[in-house]
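Inspection log for the structure reproduced underneath, given as structure tokens.
No lab work stands behind these numbers, since they all come straight from the coordinates. Since this is a predicted model, take the numbers as computed values, not measurements. Ideal geometry is used to build each Cβ from the backbone, glycine not excepted, and the neighbour counts take in all protein chains shown.
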Amino acid sequence: MLTTNVRNSHRAKIITEQTMKSRAKFQGKLIYMLSTAVVVAILIWGYMILSPAKKSGFDCTGYLIVDSDAFNFSAGLNSYLLMGNDNKGYFNMSGTVKSNAVTYQVERSYGFSFQRQKDGIYHLTDITMSKRSADNAADEVMSKVLISPDLDHGRYIKIKELGNAFVLQGVYSPTLMCVQN
């Protein structure tokens, strides 16, 4: 009987050691799988946040001031720009424009499609303008400000990102700085 107890005790010891080794292996594999899953999740999250497709869409607001003695023209306009991930954009402006000593109220928006070119240059096409009833500014006056739709060729603008702000400009000169909402 003593021999049987020793054998059973020895067998239980072997089974316990094997169980402990199996558990340790399983725990090691589990830790490896969990840490791999965490790293993959962080990489996916980082890609979604920082991917170029995500960066192409943004919106911002600003206040546009234009003062030109040479053209006898001045403007003070609140502005809002949306550049969507779907390559559709929206630009809204409201405020006053003064041209040749006549003051106009501006309340209009522009819808457009865009294609991003290289170096932050965007080609705007399919530009449509919508005036609200309070807007009494002539289109010729407003073409001096920012967007003058060219139905045949579209319009080129350049957008430079500076942290949470954007500088909007014609291809040759800065026009507006806006801050991301």
- Item | Charge context of Gln169, other residues only, Cβ under 10 angstrom, K/R +1, D/E -1 | +2
- Going by how many other beta carbons lie within 10 Å of each one, how would you line up Glu107, Glu140, Glu161, fewest first? Glu140, Glu161, Glu107
- Spin-label pair Ser68/Tyr80, simplified geometry with 7 Å Cα→Cβ offset, distance in nm: 2.7
